[in-house]
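Novice: Right, I'll just put the structure down here and ask away after.
The values are calculated or read from the model by the stated rules, or taken from the named source; none is laboratory data. Quick caveat, the model's predicted, so the values are computed rather than measured. With ideal geometry, Cβ positions are generated from the backbone for all residues, glycine too; neighbour counts draw on all protein chains shown. The protein model used for the area step is the full one, side chains on, heavy atoms only, and it has no ligands, DNA or RNA in it. Shrake-Rupley method; radii C 1.70, N 1.55, O 1.52, S 1.80 Å.
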Amino acid sequence: MPRVIPPDPRLLERRRRIAAQIRAARLHANLSQQDVIGRTGMDRSAYQDVEAGRASPLLDNLLRISDAIGVPLSDLVREGNEK
């Protein structure tokens, strides 16, 4: 059985920042979580976990979320003070 390695606290913080950027982009687009869920086909709890920073989304789901919100993927995962 493979050993489960807990995420590094720095990774958890980065995940939370990305989750906050997803939420901010969704709100800026004036969309509800249900709107994004309907457009992506994601499970409700899976999307809520991503937006809350409790889960690491697959790249495919990040692409679906960026398309649903109408922003480039880079806007959702940008790090640092660039914009």
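Novice: What's the magnitude of the charge dipole for the chain around its Cα centre, counting Lys and Arg as +1 and Asp and Glu as -1 at the beta-carbon? Answer in Debye, nearest 20.
Specialist: In total the dipole reaches around 200 debye.
Novice: Right, another one. What length, rounded to one decimal in nm, is gained on full extension from Asp49 through to Asp8, with 0.36 nm per residue of separation minus their alpha-carbon distance?
Specialist: 12.9 nm
Novice: Rounded to the nearest 10 Å², what accessible area does Leu58 have for a 1.4 Å probe in the complete protein model?
Specialist: Looks like 120 Å² after rounding.
Novice: Another one. Putting +1 on Lys and Arg Cβ atoms and -1 on Asp and Glu Cβ atoms, find which of Gly38, Ala25, Pro7 reaches farthest to the positive end of the dipole of the chain.
Specialist: Positive-most Cα among the choices belongs to Pro7.
Novice: Pull out a ≥ b ≥ c, the square roots of the eigenvalues of the alpha-carbon gyration tensor of the chain, then state rounded if a/c is under 1.5, prolate if not and a/b is larger than b/c, and oblate in the remaining case.
Specialist: The shape class here is oblate.
Novice: Next up: Do the sum for the chain: with -39,500 (n - 2.57) for every DSSP H run of n ≥ 4, divided by all residues, what is the mean residue ellipticity at 222 nm, to the nearest 500 deg cm²/dmol?
Specialist: Computed mean residue ellipticity for the chain: -19000 deg cm²/dmol.
Novice: I need the helices of the chain that pass two filters: whole DSSP H segments spanning 18 Å or more by Cα along the axis, and mean Kyte-Doolittle score no lower than -1.0.
Specialist: 9-28
Novice: Then there is this: Expressed in nm to one decimal, what extension gain is obtained for the pair Ser32 and Arg78 from 0.36 nm per residue of sequence separation less their Cα-Cα distance?
Specialist: Values: separation 46, 0.36 × 46 = 16.56 nm, distance 2.20 nm.
Going from the current span to full extension adds 14.4 nm.
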